[in-house]
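The values are calculated or read from the model by the stated rules, or taken from the named source; none is laboratory data. Just so it is clear, the structure is predicted and the values come from calculations on it, not from any experiment. Cβ: placed from backbone, ideal geometry, glycine included. Neighbour counts: every protein chain shown. When the accessible area is computed, the model is the full protein with side chains, heavy atoms only, and any ligands, DNA or RNA have been set aside. Shrake-Rupley method; radii C 1.70, N 1.55, O 1.52, S 1.80 Å.
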Amino acid sequence: MIKTVTETMLAVNEKLRIQKSTIKNGSEKKRICIVTGTHGDELERQYLAWLIGDELRRNISLLDGTVDIYPALNPLGIDSITRGIPQFDLDMNRVFPGSRNGTMIETVCSAIIDDISGADICIDVHSSNIFLRELPQIRMSVPTSETLLPYAKMLNVDFIWVHESATVLESTLAHSLNSTGTKTLVVEMGVGMRITREYGRQIFDGIFNLMKNMGMWKGDTVEPRRPIISQNSAVGFVNSDADGVFLPEVSFGDYVKKDDVLGNVLDPLRGEIREVVRAVCDGLVFTLREYPIVYGGSLLARILTIDDKTVKGGGEI
Amino acid sequence: MKKEILYSLKSPYRDNLDVIGCRFGSGKKSVAIVGATRGNKIQQMYICSQLVRTMKRLEKTGKISPNCEILIIPCINYYSMNIGKRFWTMGNTDINRMFPGYDQGETTQRIADGVFRKLEGYEYGIQLVSFYQTGNFLPHVKLMETGFTDPADMERFGLKYGIVRKPRPYDTTTLNYNWQIWETKAFSVYSNETSGIDDVSCSEVVAAILRFMYSIGAITEKSVPGYKTEIINESDIYQIRSSAGGIFRADVPTGSPVEQGQVIGRIIDPIDGKTISQITTEYAGTVFFEYNQPLINESTMCFKIIV
Ligand SMILES: [Zn+2]
C-alpha cells in the first residue's frame, strides 16, 4: 500500500509529498524501514528499493511482519539532479530531527522521524556522491557500535567502519533515530548519479538475511559475507596536494602496499604530471575518486589497513 | 594599510584563489573582521570594502590607537562569487561549516584552516552575515552563546538589537563558534541584503563597527551615537510561518510597529488570484524580519516580530 508520510504545499499548484510503500503480511509485529533518498544525487538505492519491493510482491506469503520502503525522502532533489534540497541549498541530512513547528524542511524531517520511530530496525542507504566510489560498507559511531554491530554483520557488506562521533553529525537521520531508540544502520555503496547492479543485489541479500534473522522472512537467503570491522585509526586518507586531473593507476577494491602509485594528477595545459599519488599505508582501496578534476585537498582514496586494530572475518572489536 | 595574501589555493585552470587581508595599525591583535564566506554575500563584502576605505583614512590621520592591530578580510570565497554560486565551486561545501579547518583535509577544510590560522589570537572577532532565508530585516548583532563572550559587549555596536542564540549541532563548525573556542570574543553582525547592495544598511553597519572599535579603544575617532541596544534571546522572538503556498504579499515594512490581531500579509492563489491565507500577528510588537520573495511554500518563515 502506498501511503503519504507528509505533504506540504509548494507555491504553485504542487505538493511536496513524501511517500512510502508499506508491505505487510502475517501476524508478526516486527517492522523494518528501508530509507533512501535524502541526497538527491544518490541513486544506487533506487534499484535496491525496487528489488526489495519486487521480491516481496512476488513472494508475499514468505513475509511475516511489516516492511516500509521510503524510496525518496528528497523528491525535489531526485527529480532535479540536486544533492541537497533545491532552492534551499540545504543538505537534508543536516536538518534532522527537524521540528514540528519549524520551517518547511524541518517539519518534513520531523514527520519522517515520527513515521520511522518505533521500527525494530531502520536501514538508511546512501551512495556516496558524484566524486567518490565506495565499496558496500556500514558506518557507525563508536557509541552506537555495541547495539548496531550484531545487525550490521547480517547485512552482507564488505566492511564496517566504526568512526569517532562528530557533533555536526548529530543532525543526521541515523543519529536522530539512534539517539531516540530506533536502531538505524547507515549503508554507503557505489557512486552518485549511477546504479551499480551488483551492489544493489549484495545489500538486497543482506536485508533479507537480516529479516530472516529477525523472524520476518521465511524464504531462502544467502550466507552473508564476513565483514572486516575497522576502527577509525585503521583508515588511511589520501588527499591530493596538487590541482589538476586525477587519473587512477589502481582499480577500486585493489590491495596496495605503502608508497605504491595510486594514480597521477595531470596538467593537460603543460603536458606535465603535477603529482604522483602514493598509498599512505598497506591495505584495501575501498574509496576511490571517480570525478577527475581535483584541487589541493580533494579526497582521492581511502585505504583500509588490515592490522591488529582491524578484525577480519566479523570478529568482535 | 598592509594588503597581504593570507591563503592561496591553486586551481587547474583558474587564477589562484588568493584570500586578501587588509591590516591596519600594529602590535596587539585587537579586532579581526570577516566579510563574505559564501559566494552570494555581496553586501557583506561591500561593507568590508567601505570599512577598509574608512580605516585607510583613520590610519592616515593617526586615529588608530597605538599597539592595536586590525585585520579585515572582505571575502574568502570569491571563486564562487565570480561564477554565481553560493557554496564552494566543486562539491558545494560551505566554508563557514568547515572551521576550524584541517590542513591535511578536504579543499574547503584547508581554506578554513589557512584563514583561521590568521584569525586566531585576536581579542575580538566580527563576522558579517545574513539570514539563511531571503528576507528584509533590521540590522542587529548576534552572539552564539558559548559562555565565553559577554552578551553586554553587544551594546558597544549601538545597534537596536543584540540577539543571543543557543548553538545547535551544526553551529559548531562555524567561524563564530570556533573563534570563541579559541578565546576570541566573537560577534555576528547582520545587515539587510545579501546578494544585492543596500547602502543604508551598509552605512548603518559600518558605523556600528566603528562605534565598537572606538568603544574598545582600537580607534580614537569618536563615531556618531547609536541606539541603546535591547538584548533578546532568539527563542523569545515571535515567529510566523505561512499556512499555505502561493504568492506572498507583505502589508507592512520591516521596522513597523504592529498591533495584536493585525493583518500583516497575505498569500494569494497563483491561479485564481483569491487570498487563501491572511497572515495575522498574535502579539503587538515590531516587525524584525519579513520574507521578501514573490513565491512562498507552506511552513515558510514569513515574519519575525519582537514583542
Ligand atoms: Zn548520502
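How about region A:1-66: which strands (runs of 3 or more DSSP E) wholly inside it have at least 1 residues that are within 14 Å of chain B (Cβ to nearest Cβ) and within 30 Å of B:ASP272 (Cα to Cα)?
A:2-9, A:15-25
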Please indicate, with yes or no, whether at least one residue in region B:93-100 is within 14 Å of chain A (Cβ to nearest Cβ), assigned to a helix (DSSP H, G or I), on the phi < 0 side of the Ramachandran plot and among the β-branched types (Val, Ile, Thr).
-> yes
Would you check which residues across region A:10-20 are open to solvent by 10 Å² or more (accessible area, probe 1.4 Å) and either under 20 Å from the mean Cα position of the chain (by Cα) or within 16 Å of the ligand (Cβ to nearest atom) (or both) and list them?
-> A:GLN19, A:LYS20
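Just the residues that are within 16 Å of the ligand (Cβ to nearest atom) and either surrounded by fewer than 16 Cβ atoms within 10 Å (Cβ to Cβ) or among the aliphatic types (A, V, I, L, M) (or both), please, taken from region A:21-54. Lay out the reasoning, then the answer.
As a first pass, look at region A:21-54 and keep what is within 16 Å of the ligand (Cβ to nearest atom): A:34-49.
Those that are within 16 Å of the ligand (Cβ to nearest atom) and either surrounded by fewer than 16 Cβ atoms within 10 Å (Cβ to Cβ) or among the aliphatic types (A, V, I, L, M) (or both): A:ILE34, A:VAL35, A:LEU43, A:LEU48, A:ALA49.
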Output the number of residues of region A:149-177 satisfying the condition of being closer than 19 Å to A:ALA119 by Cα and within 14 Å of chain B (Cβ to nearest Cβ).
-> 5
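Each row is one residue, and each column tells you yes or no for (1) within 15 Å of the ligand (Cβ to nearest atom); (2) modelled with pLDDT of 95 or more; (3) among the aliphatic types (A, V, I, L, M); (4) surrounded by 21 or more Cβ atoms within 10 Å (Cβ to Cβ).
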{"position": "A:ASP158", "(1), (2), (3), (4)": "no, no, no, no"}
{"position": "A:SER165", "(1), (2), (3), (4)": "no, no, no, no"}
{"position": "A:LEU169", "(1), (2), (3), (4)": "yes, no, yes, no"}
{"position": "A:LEU173", "(1), (2), (3), (4)": "yes, yes, yes, yes"}
{"position": "A:ARG197", "(1), (2), (3), (4)": "no, yes, no, no"}
{"position": "A:GLY200", "(1), (2), (3), (4)": "no, yes, no, yes"}
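Within region B:206-261, can you find the residues that are in a strand (DSSP E or B) and exposed (fewer than 13 other Cβ atoms within 10 Å of the Cβ)?
To start, the set of residues in region B:206-261 that are in a strand (DSSP E or B) comprises B:219, B:230-233, B:238-241, B:246-250, B:257-258.
B:ASN233, B:PRO257 - these are the residues of region B:206-261 that are in a strand (DSSP E or B) and exposed (fewer than 13 other Cβ atoms within 10 Å of the Cβ).
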The correct count of residues that are open to solvent by 10 Å² or more (accessible area, probe 1.4 Å) and either over 19 Å from B:LEU51 (Cβ atoms) or hydroxyl-bearing (Ser, Thr, Tyr) (or both) in region B:194-205 is 3
List, please: which pairs have Cβ atoms under 7 Å, are six or more places apart or on different chains, and start with a residue in region A:118-129 that is closer than 15 Å to A:MET92 by Cα and part of a strand (DSSP E or B) and end with one that is polar (S, T, N, Q) and near the ligand (Cβ under 8 Å from one of its atoms)?
-> none
Out of all the residues in region A:276-287, is one or more surrounded by fewer than 19 Cβ atoms within 10 Å (Cβ to Cβ), in a loop (DSSP other than H, G, I, E, B), of a type in the set (Asp, Glu) and modelled with pLDDT of 95 or more?
-> no
Failed item, numbered, when B:ASN40 is tested on (1) more than 14 Å from chain A (Cβ to nearest Cβ); (2) open to solvent by 10 Å² or more (accessible area, probe 1.4 Å) | (1)
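Just for region A:125-140: of the residues that are farther than 19 Å from A:PRO224 by Cβ and touching a strand residue (DSSP E or B) at 6+ places or on another chain (Cβ under 6 Å), which one is nearest to the ligand (Cβ to nearest atom)? First the steps, then the outcome.
Initial filter on region A:125-140 (farther than 19 Å from A:PRO224 by Cβ): A:126-133.
This time we only want the ones that are touching a strand residue (DSSP E or B) at 6+ places or on another chain (Cβ under 6 Å), so: A:126-128, A:132-133.
Values: A:HIS126: 3, A:SER127: 7, A:SER128: 7, A:LEU132: 11, A:ARG133: 14 Å.
Per the stated criteria, the residue is A:HIS126.
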Quick one: B:SER191 ticks every box in (1) open to solvent by less than 10 Å² (accessible area, probe 1.4 Å); (2) in contact (Cβ under 8 Å) with a residue 40 or more places away in the chain; (3) more than 22 Å from B:TYR46 (Cβ to Cβ) bar one, so which box is it?
-> (3)
Taking B:LEU159 as meeting all but one of (1) outside any loop (DSSP other than H, G, I, E, B); (2) more than 14 Å from chain A (Cβ to nearest Cβ), write down the number of the exception.
-> (1)
Which ones in region A:76-119 are more than 18 Å from A:GLU170 (Cα to Cα), within 15 Å of the ligand (Cβ to nearest atom) and within 14 Å of chain B (Cβ to nearest Cβ)?
-> A:GLY77, A:ILE81, A:THR82, A:ARG83, A:ILE85
Among (1) on the phi < 0 side of the Ramachandran plot; (2) within 10 Å of chain A (Cβ to nearest Cβ); (3) not in a strand (DSSP E or B), the one test that B:SER299 misses = (1)
Region B:266-296: number of residues that are assigned to a strand (DSSP E or B), open to solvent by 60 Å² or more (accessible area, probe 1.4 Å), touching a residue at least 12 places away in the same chain (Cβ under 8 Å) and away from chain A (no Cβ under 13 Å) | 3
